[in-house]
Amino acid sequence: MNMEAKVIVTYAGQTGDLPMPVDYDASDADIRRWVTESLVTGSVTGIGAVPDADLTDFIVDRSEANTERAYPLILCRPKTAFG
Amino acid sequence: MSIETGVLLAWPHWEVIHWHLPQGRSSGYLPDSRDLWDVIWENRAKVWGFAHSHPGSGITGPSYEDLTTFAAVEAALGRRLYWPIITSDSEVFCKWKGPARLDYVTFRYDSLRKTNPAWLAELRRLSYDL
């Protein structure tokens, strides 16, 4: 059975949710693509449209449901690795 | 022998917000860390930049991994930061110049050496005094 997850993204100094939940097991590439399309079209709740949104180096961070949160969560955030 | 270390700095006087010594860091790498992003985001109103160390001595420059992290963090914050990189005896600053996403310039900042802020000495101690 597929689980649906809430997606939260931080971009352009704002944080917002995707309007619809996504399959928790969707690929990172698909999630980045959906989030990018939502940012470009302005459909992320809490973030205005960002026509040039680019999530190339963003991490898809997954957290399963727990006792404090009844649903799985996917965070789309910038990577923080340094070489 | 050295180990990469980072420090998150605030403006206007480069106060230390957070020392970054994650598990898995090595002589040539600071791994991705959600904790670091959480600290940056929580302090977004005052964060000025993030300094980290590279192995060895002499003038260094950003790696491709560094550049792509600079660009991603700035895209999320919606503003630009300064990105100092140090070696055991030198330091440079990186700053976006544009127009392309990864067009960062590297420059020396001699007044930093003259003022010798405490965070710079501590970053060297944590990176090279092993």
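All of the numbers you see were taken from the coordinates with simple rules; none came from a lab. Since we're looking at a predicted model, the values are computed, not measured. Cβ placement follows ideal geometry from the backbone for every residue including glycine, while neighbour counts extend to all protein chains displayed.
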Grab the beta carbon distance between B:F107 and A:K6, set R0 = 45 Å, and tell me the FRET efficiency rounded to 0.05.
-> 0.60
Of B:A100, B:A76, B:A45, which has the largest mean-square fluctuation in a 10 Å C-alpha GNM of chain B?
-> B:A100
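Return the calculated 222 nm mean residue ellipticity for chain A, to the nearest 500 deg cm²/dmol, obtained by summing -39500 (n - 2.57) across DSSP H runs with n ≥ 4 and dividing by the residue count.
-5500 deg cm²/dmol
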Using a cut-off of under 14 Å, list every residue of region B:17-42 whose amide N is near the label point 7 Å from the Cα of B:E122 along the Cα-to-beta-carbon line.
-> B:17-21
What span do the alpha-carbon atoms of region A:4-78 cover on each of the three principal axes, reported in whole Å from largest to smallest?
-> 37, 22, 19
If you find the alpha carbon centre of region A:6-83 and of region B:1-18, how far apart are they in angstrom?
-> 28 Å
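Tell me, what does the Kirkwood hydrodynamic radius of chain B come to in angstroms if you use every pair of distinct C-alpha atoms? Don't skip to the end; give the middle numbers.
Numbers: mean 1/r = 0.0677 Å⁻¹.
Across chain B, the inverse of the average 1/r is 14.8 Å.
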Evaluate the charge dipole of chain B about its Cα centre and quote only its size in Debye, nearest 20, assuming +1 on the Cβ of each Lys and Arg and -1 on the Cβ of each Asp and Glu.
-> 380 debye
By Cβ neighbour count within 10 Å, fewest first, B:V92, B:V105 rank B:V105, B:V92
The protein assembly as shown, Rg to Rh (Cα coordinates; Rh as Kirkwood inverse mean 1/r) = 1.01
Rg to Rh for region B:87-130: what is it, with Cα atoms only and Rh by Kirkwood?
-> 1.10
Among B:S27, B:S57, B:S111, determine the one that fluctuates most according to a GNM of chain B built with springs between C-alpha atoms less than 10 Å apart.
-> B:S111
